[in-house]
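Asker: Please find one structure pasted underneath; my questions will follow.
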Amino acid sequence: MNTPQKQIGAPMNRVDGRQKVTGAAKYSAEYQLPNMAYAVLVGSTIAKGRLSSIDTKAAERAPGVLAVITHQNGPKLPGHKPVGKDPSQPQTVGSALRVFTDDKIRFNDQPIAVVVADSWERARYAARLVKAQYAQEAHQTNLEANKPNAFLPTQAKKNPKSPVADYQRGQVDAYKTGALKLEAEYVIPTEVHHPIEMQSITAHWEAPDRLTLYDKTQGTMATRRDFAREWGLPEENVKVIATYVGGAFGNGLHSWPHESAAIVAAKVVNRPVKLMLTREQMFTMVGYRPHTWQKIGMSATPDGKITAITHEAIGQTSTYEEFTEATLGQTRMMYQAPNMTTRYRLAALDIGSPIWMRGPGEATGAFALESAMDEMAYLLNIDPLEFRLRNYTDKDPENGKPWSSKFLKECYQAGAERIGWNKRQLKPGSVREGDWLIGYGMGVGTFGAHRGTSKATAKLLPDGTVLLQSAVTDIGPGTGTAMTQIAADTLGVTPAKVRFEWGNSDFARAPTQGGSAIVNTVGPAVQEACLALKDKLRELAAAGNGAFAAARKEDVTFADGYLTLAGNATARVTYTDLVKQAGGQAVTVESKPSDKGREYSMYSFSVHFAQVRVHQLTGEVRVSKLVSCADAGTIINEKTAGNQMKGGAVGGIGMALTEAAVIDDRFGRYVTKDLAEYHVPVHADAPAVEVYFVNQPDPHVNALGTKGIGEIATIGVAPAIANAIFNATGKRIRELPITPDKLI
Ligand code: MOS
């Protein structure tokens, strides 16, 4: 009998790799529907005020133009709730900014009109003919200037247990009375996700009350819910397809104005409408990692025990939504510290709303915390790795619960060996090669091992293929591949006998891809659906063959077109018979986390070690070596998981050294408009990243033992590099990105 290899853990190639490299994979802007029209947005040129008039006549007369839609003639959105009713509502629900509903300008480049034409070029030309007059008001786009107006998020006011509420253990601000103390401020600028694929959508009203969207989103169900609500439709009347997503990093976690505009446009012209943002528009209306100010106070005993930490943060949000993130979460749980104070505030600016960007708040918070750890180790004259070990915790100090699993020490050891930590000198600036100063640094990351509820459908096809379906998207990590492996492993078949389909809201309900939670959440649903399918087939087989009636599920095997039974040569039923009996029915299961999980604190952990070379004269920084080690539970696919770690590490290089979206506060408008000015790391900026996985199953998150990788791949990388730069040069840079001007 054909015994398939164990699939979980195998470094399998991506199931969609061929489609992607041959161009067969269709992204949202690549759907060509009959009678398609094209939409181009017109953005405001002020940051705050009102539209006093908007002249669309010339645009309407331009060749090929089908409609010019503004707040004056836009259709009513039956489910629209005006902005400002409750800005603390979850970001993707209800109060998010919608287009053409009023004359108010809330940020520069806010869509004020959409031009629809029979070609994209004609729409683009006509968009330039729209003329707007404004009643301008004074705007505020500067975080530093607006810090005095920072406020406690509504969510924290309502719920003192909220992760963004003030937190206290031990004495308040106890670091102030510590013998050995550190006080430092850290700043990260606005960073923009900038996946290669721009945000785009094709909206098609198939009937007056039936809408299909080919959309770049991380959540087909969330997008369906948002737009069903906006148009007052039952959810099942809206279908969202997002099979291929060319990177997102968080900017597909929210429904945005351009999606709203394309749907409005399609309604008005009664044709399918395609709308794709420009790179410049990617800065202004689809979110970003918010500019954030932080301050850390830390005290320690001379032998390196932290006695107190106070960590404060002020994150930027917009005036019409309260975007919050877990900037201070890592600080509360990473190190033993008997006295802990965290305070999180928001400052509302006249800029579009931020959104989570890879390793969201934790990556921001870790820059401050892990830099401060390095600073304190330096003050104590203790090796920074040793300092972290002296403050290691075997239970979660935030809530006293045991960890579901924690192999961070193993990561420390593996990483230290691989980077050559023993070559690091305590005294900065001691290692040089010609004009290059060489330094080593480390940074730790953590992210909740979240698991939600998900469904999955499994169906045996006549050719013996098992078809699995889930509404989940695959934004690049290789979800389709991991799920194929989980299914093949559970069923005991080769991956070639499994087809996993995703990215369609009509498929079994699944959460939005984000928060490192998809393998944790959809993985068990796929596993359970396969077990249920096996069981159902066994029952069907039992009807015609008694041997199956008494058999244990585990002994039932699929192979070569037959359902067979281990140790019983006569027990054979063909798939074709089974499929006939099953009547084409699929098994759908719902998989949920168990309550028992609440007894544990569940986190993935990572540590990143960097070796940098800093040119003494020019301040140029080269990351010459980067080692990323992760305790992320079971690794389903070493290859795709390794890719994720590398991608996250490169994102961290950008955060540390190059990325910043810059606003000219006089106009409240970004001056970085493209990738020539907003610098994402390129190949020459990144060394070959070495990845190490502990690969030990977590016994509590799910039956697969996974914990999630997506966020910890980035969290902790930027401080590792900043700390390495300090070790190389003796210069402590507390404001990212660390560009050469800060080092000379
Ligand atoms: Mo991620 S920031 O959850 O896409």
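Asker: Could we say that A688 is small (G, A, S) and more than 16 Å from the ligand (Cβ to nearest atom) here?
Answerer: Values: small (G, A, S): yes; more than 16 Å from the ligand (Cβ to nearest atom): yes.
In short, yes.
Asker: Something else: Tell me whether the stretch 130-150 contains one or more residues that are within 28 Å of the chain's Cα centre (by Cα), surrounded by 14 or more Cβ atoms within 10 Å (Cβ to Cβ), without any contact (Cβ under 8 Å) to a residue 60 or more places away in the chain and closer than 30 Å to L736 by Cβ.
Answerer: No, the stretch 130-150 contains no residue that is within 28 Å of the chain's Cα centre (by Cα), surrounded by 14 or more Cβ atoms within 10 Å (Cβ to Cβ), without any contact (Cβ under 8 Å) to a residue 60 or more places away in the chain and closer than 30 Å to L736 by Cβ.
Asker: Sticking with this structure for a sec: Taking K625, is it in a helix (DSSP H, G or I) and in contact (Cβ under 8 Å) with a residue 12 or more places away in the chain?
Answerer: On the way: in a helix (DSSP H, G or I): no; in contact (Cβ under 8 Å) with a residue 12 or more places away in the chain: yes.
Here the answer is no, as K625 does not meet what is asked.
Here is a yes/no grid of residues against (1) buried (at least 24 other Cβ atoms within 10 Å of the Cβ); (2) more than 16 Å from the ligand (Cβ to nearest atom); (3) modelled with pLDDT of 95 or more:
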site: G441; (1), (2), (3): yes, yes, yes
site: F447; (1), (2), (3): yes, no, yes
site: R451; (1), (2), (3): yes, no, yes
site: K455; (1), (2), (3): no, yes, yes
site: A458; (1), (2), (3): yes, yes, yes
site: L461; (1), (2), (3): no, yes, no
site: V466; (1), (2), (3): yes, yes, no
site: A471; (1), (2), (3): yes, yes, yes
site: T481; (1), (2), (3): no, yes, yes
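Asker: Within the stretch 714-734, count every residue that is aliphatic (A, V, I, L, M) and over 25 Å from the mean Cα position of the chain (by Cα). Walk me through how you get there before you give the answer.
Answerer: Keep residues of the stretch 714-734 that are aliphatic (A, V, I, L, M), which gives 715, 717-718, 720-722, 724-725, 728, 733.
Of the ones still in play, those that are also over 25 Å from the mean Cα position of the chain (by Cα) are 724-725, 728, 733.
The total comes to 4.
Asker: Could we say that Y175 is in contact with a strand residue (DSSP E or B) (Cβ under 9 Å, 6 or more places away or on another chain), within 30 Å of T342 (Cα to Cα) and part of a strand (DSSP E or B) here? Give the steps one after another, and end with the answer.
Answerer: Values: in contact with a strand residue (DSSP E or B) (Cβ under 9 Å, 6 or more places away or on another chain): yes; within 30 Å of T342 (Cα to Cα): yes; part of a strand (DSSP E or B): no.
Spelling it out, it is not the case that Y175 is in contact with a strand residue (DSSP E or B) (Cβ under 9 Å, 6 or more places away or on another chain), within 30 Å of T342 (Cα to Cα) and part of a strand (DSSP E or B).
Asker: Considering only the stretch 483-511, how many residues are of a type in the set (S, T, N, Q), surrounded by fewer than 22 Cβ atoms within 10 Å (Cβ to Cβ) and within 15 Å of T217 (Cβ to Cβ)? Spell out how you get there, then give the answer.
Answerer: Start the filter on the stretch 483-511 by keeping residues that are of a type in the set (S, T, N, Q), which leaves 484-485, 490, 494, 504-505.
Add one more test, that the residue is surrounded by fewer than 22 Cβ atoms within 10 Å (Cβ to Cβ), and what stays is 494, 504.
So of that shortlist, the ones also within 15 Å of T217 (Cβ to Cβ) come out as 504.
So the answer is 1.
Asker: Is there a residue being under 26 Å from N723 (Cα atoms), in a strand (DSSP E or B) and either without any contact (Cβ under 8 Å) to a residue 12 or more places away in the chain or not basic (K, R) (or both) anywhere in the stretch 645-665?
Answerer: Within the stretch 645-665, the subset under 26 Å from N723 (Cα atoms) is 645-662.
Among the residues that remain, those that are also in a strand (DSSP E or B) are: 661.
Pick out the ones that are also either without any contact (Cβ under 8 Å) to a residue 12 or more places away in the chain or not basic (K, R) (or both) and you get 661.
Yes, because at least one residue in the stretch 645-665 is under 26 Å from N723 (Cα atoms), in a strand (DSSP E or B) and either without any contact (Cβ under 8 Å) to a residue 12 or more places away in the chain or not basic (K, R) (or both).
Asker: Something else: Would the stretch 394-409 turn up any residue that is farther than 25 Å from A713 by Cβ and crowded, with 16+ Cβ neighbours inside 10 Å?
Answerer: Scanning the stretch 394-409, I find no residue that is farther than 25 Å from A713 by Cβ and crowded, with 16+ Cβ neighbours inside 10 Å, so the answer is no.
Asker: Of the residues in the stretch 678-730, how many are without any contact (Cβ under 8 Å) to a residue 60 or more places away in the chain and part of a loop (DSSP other than H, G, I, E, B)? Full working, then the answer.
Answerer: Restricting attention to the stretch 678-730, the residues satisfying the condition of being without any contact (Cβ under 8 Å) to a residue 60 or more places away in the chain are 679, 681-684, 688.
Right, trim to part of a loop (DSSP other than H, G, I, E, B) and you get 679, 681-682, 688.
Selection size over the stretch 678-730: 4.
Asker: Sticking with this structure for a sec: Select the helices (runs of 4 or more DSSP H) contained entirely in the stretch 189-307, then report the ones holding at least 3 residues which are within 19 Å of I355 (Cα to Cα), at pLDDT below 95 and away from the ligand (no atom under 16 Å from the Cβ). Outline the logic, then answer.
Answerer: Details: elements: 220-230, 257-269, 279-284.
Answer list for the stretch 189-307: 220-230.
Asker: Output the qualifying pairs, or none if there are none: Cβ atoms under 6 angstrom, residues six or more apart or on different chains, first residue in the stretch 226-250 and touching a residue at least 12 places away in the same chain (Cβ under 8 Å) and over 17 Å from R98 (Cα atoms), second residue away from the ligand (no atom under 16 Å from the Cβ) and of a type in the set (A, V, I, L, M, F, W, C).
Answerer: Qualifying pairs under 6 Å: V238/L211; V238/F227; V238/A228; V240/L213; Y244/A25.
Asker: Applying the selection to the stretch 695-734, what residues are surrounded by fewer than 24 Cβ atoms within 10 Å (Cβ to Cβ), of a type outside the set (S, T, N, Q) and touching a Phe, Trp or Tyr at 6+ places or on another chain (Cβ under 7 Å)?
Answerer: Those that are surrounded by fewer than 24 Cβ atoms within 10 Å (Cβ to Cβ), of a type outside the set (S, T, N, Q) and touching a Phe, Trp or Tyr at 6+ places or on another chain (Cβ under 7 Å): H700, R732, R734.
Asker: Hey, among Q616, Q581, Q611, Q585, which residue is surrounded by 14 or more Cβ atoms within 10 Å (Cβ to Cβ) and modelled with pLDDT under 80? Quick ask: steps written out before the conclusion?
Answerer: Values: Q616 fails: modelled with pLDDT under 80; Q611 fails: modelled with pLDDT under 80; Q585 fails: surrounded by 14 or more Cβ atoms within 10 Å (Cβ to Cβ).
Every option except Q581 fails the conditions.
Asker: Tell me the residue from T473, T446, T490, T481 that is within 30 Å of D577 (Cβ to Cβ) and among the polar types (S, T, N, Q), please. Talk me through it step by step, then tell me what you get.
Answerer: Details: T473 fails: within 30 Å of D577 (Cβ to Cβ); T446 fails: within 30 Å of D577 (Cβ to Cβ); T481 fails: within 30 Å of D577 (Cβ to Cβ).
The unique qualifying residue is T490.
The values are calculated or read from the model by the stated rules, or taken from the named source; none is laboratory data. Bear in mind that the values here come from a model prediction, so they are computed numbers and not experimental data. Quick reminder, even Gly has a Cβ in these numbers, built from the backbone with ideal geometry, and neighbours come from all protein chains shown.
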